[in-house]
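The values are calculated or read from the model by the stated rules, or taken from the named source; none is laboratory data. Model, not experiment: these values are computed from the prediction. Cβ atoms come from the backbone with ideal geometry, glycine included; neighbour counts cover every protein chain shown. These area figures cover heavy atoms from the full protein model, side chains too; ligands, DNA and RNA do not enter into them. Shrake-Rupley method; radii C 1.70, N 1.55, O 1.52, S 1.80 Å.
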Amino acid sequence: MDIKVPRGTQDILPSETGKWQVVEELIREQCRMYQYKEIRTPVFEHTELFTRSVGDTTDIVQKEMYTFQDRGNRSLTLRPEGTASAVRAFVEHKMFGYADQPVKLYYMGPMFRYERQQAGRYRQFVQFGIEAIGSADPAIDAEVISLAMSVYQKAGLKKLKLVINSLGDTDSRVSHKTALVSHFEPHIAEFCSDCQNRLQKNPLRILDCKVDRNHPLMETAPSLADFLNEESAAYFDKVKEYLSILNIPFEIDTNLVRGLDYYNHTAFEIMSAAEGFGAITTLAGGGRYNGLVEELGGPNAPGIGFAMSIERLLLAIEAENNEWSEQSTLDVYVIGLGEAAKKKAVELTYQLRQQKITAEMDYLDRKMKTQMKSADRLGAKYVIVIGDDELEKESVMLKDLATGTQNLVPLSSLIDQIKTSSTQLEAEE
Ligand code: ATP
Ligand code: MG
């Protein structure tokens, strides 16, 4: 038997999960600071949810979805992204009726896309994302962007680049669309078959094409910036102003259109400028989606959000050579020598754990010396040794591995002593 993980997926081993937990905790902490509350939705949804919201001319819907028929003949899809589900839940649970608006949500969990695997691109990956639904205030656009930036900054990243653009409102996009069609139409034969399909259906998508990105007509394509109506331009100006108030530097890229259909007004991406990050430099992407809630059967509630993958965040941390200070989490390693002492060791290990002191012991009847080596490898602060002598005196030998000192400590005061010296240790650190 030779069964491996499916292509594009990975096992995250115990030696790696510590990093994941640090980053996940940092993210949850930022969400608490900004008052975004977690929402957990199913990992599969009705396929129609994604075709309707993400859009059927997008790469995601056309090439990347894991779609299957269940035993009741329903078409279901493993979620390729989180916004559609969050908005579906917003509508389904009538969150637009909540007293406090906008509704601020975050999610963190696996997403699935049938993609070609490469560094930073997987078929199952974990996205963290937020959605603020119910406000069209440009200040919240800045808040959403600043939360994403804070996560990266708290993770120690310095080489960040924020790129923003405005996709305008529907009116602005209609006139831009006409201009795009006349721009590309005479040469459309030189483009990939996807772009040929996009020309009439959704010419904006051509700008996001990965196959034809170097075609000269891309550079000269009519820019959305020139088609923004007064309202859209004013909105974009306010977003920029708020970003400046927050001291968040940004660049404007008028060709930034993002891969999903539902965006309008503000679109943004955060990139890593770290050398050695590899070909893919985008860490996070997001934007405003006024109209999506209505499209999914709700009222006219405007929204904005972003998503980032934890995988790319971890890659960026690595690319910037940031050290992980792996803190030891083992307080005590308990060694019982002989049958009677072993029983005491089992009991004591249990009691320590009940008292919130992390404890480990041997279950292979190994020699004392080997157990000491284990204690060292595990980074234990203390070793407790119990032999017949100690048993008789109702005491244990408590050895401090950092200083090498050891004392006979009565069982009755052992836990107190460990607790006080640990707090002293922490204070000194
Ligand atoms: P790309 O251009 O890299 O394909 P995208 O436009 O498809 O990105 P989004 O749908 O905007 O990406 O997803 C937001 C974020 O999710 C990305 O910026 C990236 O951090 C992450 N992401 C997207 N696809 C993958 C993947 N296959 N593996 C790992 N992370 C991913
Ligand atoms: Mg993609």
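Expressed as a fraction of 2.2 N^0.38 Å, the value expected for a compact globular protein of N residues, the C-alpha radius of gyration of region 1-73 is 1.57. For the chain, the relative contact order is 15 percent, taking Cα pairs closer than 8 Å that sit 6 or more residues apart in sequence and dividing their mean separation by the residue count. Residues ASP331, ASP11, ASP137, sorted by accessible area with the largest first, give ASP11, ASP137, ASP331 [1.4 Å probe; ligands and nucleic acids excluded]. Average projection, convex hull of the Cα set of region 321-429: 7.7 square nanometres.
Could you work out [θ]222 nm for the chain from helices alone, using -39500 (n - 2.57) per DSSP H run of at least four and dividing by all its residues? Round to the nearest 500 deg cm²/dmol. Working shown, then result.
On the way: 14 runs with 162 residues, N = 429.
Helix contribution divided over all residues of the chain: -11500 deg cm²/dmol.
The listed residues ARG40, ARG123, ARG288 rank as ARG40, ARG123, ARG288 when sorted by accessible area, largest first, using a 1.4 Å probe.
Lys and Arg at +1, Asp and Glu at -1: add these up for the other residues within a Cβ distance under 14 Å of GLU347 and post the number.
On the way: positive: LYS342, LYS343, LYS344, ARG353; negative: GLU339, GLU390, GLU394.
Every neighbour counted, the sum reads +1.
Binning the alpha carbon pair distances of the chain at 20 angstrom intervals from zero yields the distribution 22, 43, 23, 11, 1, expressed in whole percent. Normalised by 2.2 N^0.38 Å, with N the number of residues, the alpha-carbon radius of gyration of region 254-403 equals 1.88. Rg of the Cα atoms in region 176-280, relative to 2.2 N^0.38 Å, amounts to 1.21. Over all other residues within a Cβ to Cβ distance under 14 Å of ARG121, the charged ones net out to +3, with Lys and Arg as +1 and Asp and Glu as -1. For region 112-260, the relative contact order comes to 33 percent (Cα pairs under 8 Å, sequence separation of at least 6).
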